[in-house]
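A short worksheet on the structure shown next.
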Amino acid sequence: MVEVFTPTASRQLSQMFLAIVFFHGSEYLLAVAFHGRPNVTLASLLISKHYLFAMIFSLLEYVVEVLLLPELKEHWWISYLGLALVIIGEIVRKLAIITAGIAFTHLIRTHRDERHELVTHGIYRYMRHPGYSGFFIWSVGTQIMLCNPFSTIGFAIVVWRFFYQRIPYEEFFLRGFFGARYDEYAKRVSSGVPFVS
Ligand SMILES: C[S@@+](CC[C@H](N)C(=O)[O-])C[C@H]1O[C@@H](n2cnc3c(N)ncnc32)[C@H](O)[C@@H]1O
């Protein structure tokens with residue numbers, strides 16, 4: 001019988017499980033901390049149908065490759081590079097959430113809340129969308145960590161495309177809320193997502 005749970009597979013799958021639980025659990029807890037329990041729904045766990053589909057696809061790819069091409073998973077330096085990206089992405093995203101505080105809502109605001117201020121300090125001094133940049137790094141990192149070539153490319157394309165469309169939409173409202181201050185900020189600071197100006 002072919003052994004699926006080699007020591008490498010056990011390590012990679014455990015890291016993936018911990019990465020997912022920590023990412024979504026901390027998203028939820030931070031949302032509760034900043035917005036209060038009654039204003040936070042399970043949507044704050046950020047688990048959509050598309051996301052579930054992508055994660056299931058990546059686990060299927062992993063299992064098929066462990067069975068047919070187990071040596072592919074033994075590139076330990078690729079796997080550890082992925083783990084490093086998971087940790088970096090997590091830190092960048094959580095710094096964004098903590099820095100923006102109540103300004104960081106999982107749903108894009110289309111009407112200005114009176115307490116909503118423009119955030120340009122901390123990590124927002126270096127990029128305009130650290131939350132998205134962090135998620136991009138984290139999600140692609142999970143697939144590099146699993147040594148999943150197809151899902152690495154797939155995640156990079158799908159997540160990038162999502163932010164490529166979302167950022168102009170979000171910034172349309174931010175320019176409406178903060179006017180010239182946001183224009184000046186956007187001229188000075190890049191988005192933080194590759195090839196999104
Ligand atoms: C999911 S958060 C993402 C924030 C940011 N795009 C990021 O990646 O860190 C979306 C909300 O953040 C708000 N937002 C984004 N950038 C902001 C900024 N620099 N200052 C204040 N609010 C901001 C938007 O109005 C939106 O409702």
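The values are calculated or read from the model by the stated rules, or taken from the named source; none is laboratory data. Everything quoted here is computed from the prediction, not taken from an experiment. Counting neighbours? That spans all protein chains shown, and the Cβs are built from the backbone with ideal geometry, glycine included. In case anyone asks, the SASA skips ligands and DNA or RNA and just uses the protein heavy atoms, side chains included. Shrake-Rupley method; radii C 1.70, N 1.55, O 1.52, S 1.80 Å.
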Practice prompt. Determine, yes or no, whether F162 is closer than 30 Å to R112 by Cα and out of contact with any strand residue (DSSP E or B) (no Cβ under 6 Å at 6 or more places or on another chain).
Written response: yes
query: Do we have A43 as small (G, A, S), assigned to a helix (DSSP H, G or I) and in contact (Cβ under 8 Å) with a residue 40 or more places away in the chain here?
result: yes
Within the stretch 93-118, of all residues that are modelled with pLDDT of 95 or more and open to solvent by less than 20 Å² (accessible area, probe 1.4 Å), the one nearest to S151 (Cα to Cα) is R93
Scanning the stretch 48-63 residue by residue, those of a type in the set (A, V, I, L, M), under 20 Å from S26 (Cα atoms) and loosely packed, with under 15 Cβ neighbours inside 10 Å turn out to be L52
A careful count of residues in the stretch 156-192 that are open to solvent by 90 Å² or more (accessible area, probe 1.4 Å) and within 30 Å of M55 (Cα to Cα) gives 7
Q) Hey, any hits in the stretch 68-86 for a residue that's surrounded by 20 or more Cβ atoms within 10 Å (Cβ to Cβ) and hydroxyl-bearing (S, T, Y)? A) no
